[in-house]
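First the structure, in the form of structure tokens, and then the observations on it.
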Amino acid sequence: MKLLRKLPPEARLLLPAFVVILVVVAVPLLFSLYTSFTSYRLVRPETIWNVVWFKNYIKLFGSSDFWWAFGRTVLFLTVVLNLEMLFGLALALLVNQVTRGQRMLRTIMMFPMMFSPVLVGFQFKFMFNDNIGIVNHILQNWFGVTQAIPWLVESHLAFFSLACAEIWNSTAVFAILLLAGLMAMPQDPLEAARVDGCTPWQAFRHVTLPFLMPFVYIAMTIRSLDVGRAFDIVKIMTNGGPAGRTELIWTLSARAGYEDARMGYANAMSYVAVLLSIAFTVHFFRKLNASRQFLNEVDA
Amino acid sequence: MTQSALTLDRNPALARTLETTPPGGALPELSGLDDEPVKEPWLPAALLMRWGVRVCVFIAMCLIMLPGLWVMLNAFRTNVAILARDSIFAATSYTLDNFRDVFGMGDTAGIPVKAYFVNSLVISVTSTVIAIAIGLAGGYAFARYKFRFKKTLFVGLMLSRAVPGIALSLPVFIIWSWLGLIDTKVGTIIVYVAMNVPFSVWLIDGFFRQIPKELAEAAEIDGCTRWQAFWQVEFPMAKSGIASAAIFAFLTAWNEFALASQLTRSTDTKTLPVGLMDFTAQFTINWAGMCALAVIIIIPALILTFIVQKHLIAGLTFGGVKG
């Protein structure tokens, strides 16, 4: 207690935050780093002392299942994040046009954000169900499609369905942040561009867009912070199926850890997943700083 | 203006953005500008544009609403009606049976949804309160004090948020099982607190930075202690920021699945999202029950968000985005 009093006030204020992060994030991560070098299996606790060094990683990197899941994860994130960004931008521009009832539109726009990813997974599983889902229902009744389309069974379609669910769930994050950016935007540069004879496209490209870029990257950073959310959706909708064709790193490692009880191997895999999502976050964070600096230079 | 009129055809949506949006959007004193294009010779184009935007907005809003609404609608239908693919929007017989079942009031001894609801509520509220208290202290420290490694510590804190829940769940599961925290509410609460602290610190730090230091200093000169100055001057001003951080924290905890599905086992601890899985058996899914539970999960989140929607946007813009 005495030691605590000696600390400067800022350290005392920060202490709880760092203790909690240390206990729940840092220590478990270090521990999982250690177990990834062992042949730890939950059912045989003594195996935790059986250090096998890089065997898990070698096995992992030699496994084609893992590389497919890895590639699929990167592809999924890239496609989904970019599409969300585009749709979010379009939506923000649209809503920004509307002068009356904008508050209501904003509220509607945020509707999908309220849905827990696990709910979204279930909901889209229901919608894309080949038998009772609304998608096939509409296609068959209104567009004269005769056969039921197996959305979640055919591998490419399953991937598409997952992307739809994820995009529906999270486009709002982009839209709301970009809308905030549009609303905060100073109008003088736009006026100046117009007076100088810029076409609307030029004004958008060279004035609006650079101003929005920090907002785009903030949204990307926030979203990449919870990329693992896609786990819920995938787990519910396809559980990695059909035949492992929608397996992402997270579902693969959860399966190895909890179903096969191979904790050492699973931890090696989730370590790769952690590094991947940190890489995404750092990438967007650097882009964010770069775009902010660009704006500041223009200002100066 | 004529030049812009020509390019309108090429890029209608953007042209509309740039040409006719009054500066600042909703500012009343500037809204008169909106009438200006009426005098222009390209009136039909502007009209077309306005309606084009309206139609696009309508379609977009439909796409956003319908998936959610469809599930909510199905919560009021029987399983038979769902499986028989009754027409989607036509008024079939609606019933509250699903909800009665889900709460164990019907014939079927259902899934203990009531218990799950209470668990979810206890876990979410407790973890939010603790996370906000910790985040308040941390955010205030980052906003008001200068110390060594400040930037590094801040980035470190944020990076801890980049660890996906499912990757964390394996090691946490092992450690919690040693500590006997598996299948306890406390175990889940601790994890959720840690998940929400970084984002709360980030948001609250942003809000405190908006409040001028001089206000608290003036209060201190007037004889307040630092503590009093904080509670009487700074805290009330940062309230809406703290509220929005709290809502984010609550929603994260309320909706979390990956960690909860591993850390909770029994009726005493399972949360609603985990309970959703109870409706799926190996080959059959109780769609009606799931839809009803979906409504139960979504309603508190919706009500909360609609009430505080304004703060949410303020929270996102001021807390996070401004550098």
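The values are calculated or read from the model by the stated rules, or taken from the named source; none is laboratory data. Treat the numbers as computed from the prediction; the structure is a model and nothing was measured. Backbone-built Cβ (ideal geometry, glycine too); neighbour counts: all protein chains shown. Just so you know, the surface numbers come from the protein's heavy atoms only, side chains and all, with ligands and any DNA or RNA stripped out. Shrake-Rupley method; radii C 1.70, N 1.55, O 1.52, S 1.80 Å.
General remarks:
- Here residue B:173 meets the list (1) touching a residue at least 12 places away in the same chain (Cβ under 8 Å); (2) touching a Pro at 6+ places or on another chain (Cβ under 7 Å) almost entirely, failing just condition (2).
- The number of residues in the stretch B:203-223 that are among the hydrophobic types (A, V, I, L, M, F, W, C) and open to solvent by 40 Å² or more (accessible area, probe 1.4 Å) comes to 3.
- Of the residues examined, residue A:214 is not one that is modelled with pLDDT under 80 and buried (at least 21 other Cβ atoms within 10 Å of the Cβ).
- Residue that is most open to solvent (accessible area, probe 1.4 Å), among those in the stretch B:178-188 that are in a helix (DSSP H, G or I) and over 21 Å from residue A:231 (Cβ atoms): B:178
- Among the residues of the stretch B:275-310, those identified as touching a residue at least 24 places away in the same chain (Cβ under 8 Å), open to solvent by 10 Å² or more (accessible area, probe 1.4 Å) and in a helix (DSSP H, G or I) are B:278, B:279, B:287, B:295, B:296, B:300, B:304, B:308.
- Failed item, numbered, when residue A:13 is tested on (1) of a type in the set (A, V, I, L, M, F, W, C); (2) closer than 22 Å to residue B:163 by Cβ; (3) surrounded by 15 or more Cβ atoms within 10 Å (Cβ to Cβ): (2)
- The single condition among (1) outside any helix (DSSP H, G or I); (2) within 11 Å of chain B (Cβ to nearest Cβ); (3) not aliphatic (A, V, I, L, M) that residue A:151 does not satisfy is (2).
- Which numbered condition residue B:216 fails, given (1) modelled with pLDDT of 80 or more; (2) part of a helix (DSSP H, G or I); (3) in contact with a helix residue (DSSP H, G or I) (Cβ under 9 Å, 6 or more places away or on another chain); (4) more than 10 Å from every other protein chain (Cβ to nearest Cβ): (1)
- Filtered residue count, the stretch A:173-229, keeping only those that are more than 10 Å from chain B (Cβ to nearest Cβ), more than 30 Å from residue B:164 (Cβ to Cβ) and either in contact (Cβ under 8 Å) with a residue 12 or more places away in the chain or touching a helix residue (DSSP H, G or I) at 6+ places or on another chain (Cβ under 8 Å) (or both): 4
- Every listed requirement among (1) away from chain B (no Cβ under 12 Å); (2) of a type in the set (Val, Ile, Thr); (3) surrounded by fewer than 23 Cβ atoms within 10 Å (Cβ to Cβ) is met by residue A:238 save one, (3).
- Residue within the stretch A:50-66 that is open to solvent by less than 70 Å² (accessible area, probe 1.4 Å), within 30 Å of residue B:189 (Cβ to Cβ), in contact with a helix residue (DSSP H, G or I) (Cβ under 7 Å, 6 or more places away or on another chain) and among the aromatic types (Phe, Trp, Tyr) present: no
- Matching residues, the stretch B:47-77, being of a type in the set (D, E, K, R) and assigned to a helix (DSSP H, G or I): B:50, B:54
- Single match in A:246, A:251 (criterion: out of contact with any Pro (no Cβ under 9 Å at 6 or more places or on another chain), closer than 26 Å to residue A:124 by Cα and in a helix (DSSP H, G or I)): A:251
- Being touching a helix residue (DSSP H, G or I) at 6+ places or on another chain (Cβ under 9 Å) and crowded, with 22+ Cβ neighbours inside 10 Å holds for only one residue in B:133, B:141, and it is B:141.
- Identity of the residue in the stretch B:141-185, under 23 Å from the mean Cα position of the chain (by Cα) and more than 16 Å from residue A:278 (Cβ to Cβ), that ends up nearest to the other protein chains (Cβ to nearest Cβ): B:169
- Condition met for residue B:200 (more than 14 Å from chain A (Cβ to nearest Cβ) and part of a helix (DSSP H, G or I)): no
- Count of residues meeting criterion [open to solvent by 10 Å² or more (accessible area, probe 1.4 Å) and either among the acidic types (Asp, Glu) or more than 8 Å from every other protein chain (Cβ to nearest Cβ) (or both)] in the stretch B:243-260: 7
- Filtering the stretch A:28-65 to residues that are closer than 13 Å to residue A:272 by Cα and β-branched (Val, Ile, Thr) leaves only A:58.
- Extreme residue, farthest from residue B:124 (Cα to Cα), among residues of the stretch B:176-198 that are of a type in the set (S, T, N, Q), in contact (Cβ under 8 Å) with a residue 24 or more places away in the chain and out of contact with any Leu (no Cβ under 8 Å at 6 or more places or on another chain): B:184
- Here the stretch A:158-171 is the region considered, the condition is being among the hydrophobic types (A, V, I, L, M, F, W, C) and more than 8 Å from chain B (Cβ to nearest Cβ), and the residue that is farthest from the chain's Cα centre (by Cα) is A:158.
- Some residue of the stretch A:118-141 being away from chain B (no Cβ under 12 Å), part of a helix (DSSP H, G or I), surrounded by fewer than 24 Cβ atoms within 10 Å (Cβ to Cβ) and in contact (Cβ under 8 Å) with a residue 12 or more places away in the chain: no
- Condition met for residue B:148 (of a type in the set (Lys, Arg) and part of a helix (DSSP H, G or I)): no
- Of the residues B:164, B:171, B:112, the single one that is touching a Ser or Thr at 6+ places or on another chain (Cβ under 7 Å) and open to solvent by 10 Å² or more (accessible area, probe 1.4 Å) is B:112.
- Every residue from the stretch A:16-46 that is modelled with pLDDT under 85 and surrounded by fewer than 17 Cβ atoms within 10 Å (Cβ to Cβ): A:43, A:44, A:45, A:46
- All positions within the stretch A:142-159 that are without any contact (Cβ under 8 Å) to a residue 40 or more places away in the chain and either aliphatic (A, V, I, L, M) or surrounded by 15 or more Cβ atoms within 10 Å (Cβ to Cβ) (or both): A:145, A:148, A:149, A:150, A:151, A:157
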